[in-house]
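*Asks:* Below is a structure I'd like to ask you about.
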Amino acid sequence: MKLTKLEQTVVIGTFISMIGAEKVTELVAPEKLDQVISIINEMEDNTTPKQKRESAMSVLEKAIDDFLIMST
């Protein structure tokens, strides 16, 4: 499944929110996490809520399509 940069941002941000920043800090190297958070913050500054919702729905659709293909 190929995701756009905005879709990747939505996925990573969602996982960080779900898992919790504290736990993510334990699992991901600090230099990587700093870089990711910087990119996410930049993307969020330049993205409307509507664009975020559309990207989230696109990720869900792609995941469902891939899941169904793999399940057959």
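*Asks:* Which one of these is part of a helix (DSSP H, G or I) and over 14 Å from the mean Cα position of the chain (by Cα): Thr14, Thr25?
*Replies:* Details: Thr14 fails: over 14 Å from the mean Cα position of the chain (by Cα).
On inspection, the qualifying residue turns out to be Thr25.
*Asks:* A further question follows. Can Leu33 be described as touching a residue at least 40 places away in the same chain (Cβ under 8 Å) and either under 13 Å from the mean Cα position of the chain (by Cα) or over 29 Å from Asp65 (Cα atoms) (or both)?
*Replies:* No: the conditions fail for Leu33.
*Asks:* Right, next: Which residue out of Glu61, Glu54 is in a helix (DSSP H, G or I), modelled with pLDDT of 95 or more and surrounded by 12 or more Cβ atoms within 10 Å (Cβ to Cβ)? Break it down into steps so the answer makes sense when it comes.
*Replies:* Values: Glu61 fails: surrounded by 12 or more Cβ atoms within 10 Å (Cβ to Cβ).
None of the other options fit; the residue is Glu54.
The values are calculated or read from the model by the stated rules, or taken from the named source; none is laboratory data. As the structure is a computational prediction, the values presented were derived from the model and not from experiment. Note that each Cβ is placed from the backbone with ideal geometry, even for glycine, and that neighbours are counted across all protein chains shown.
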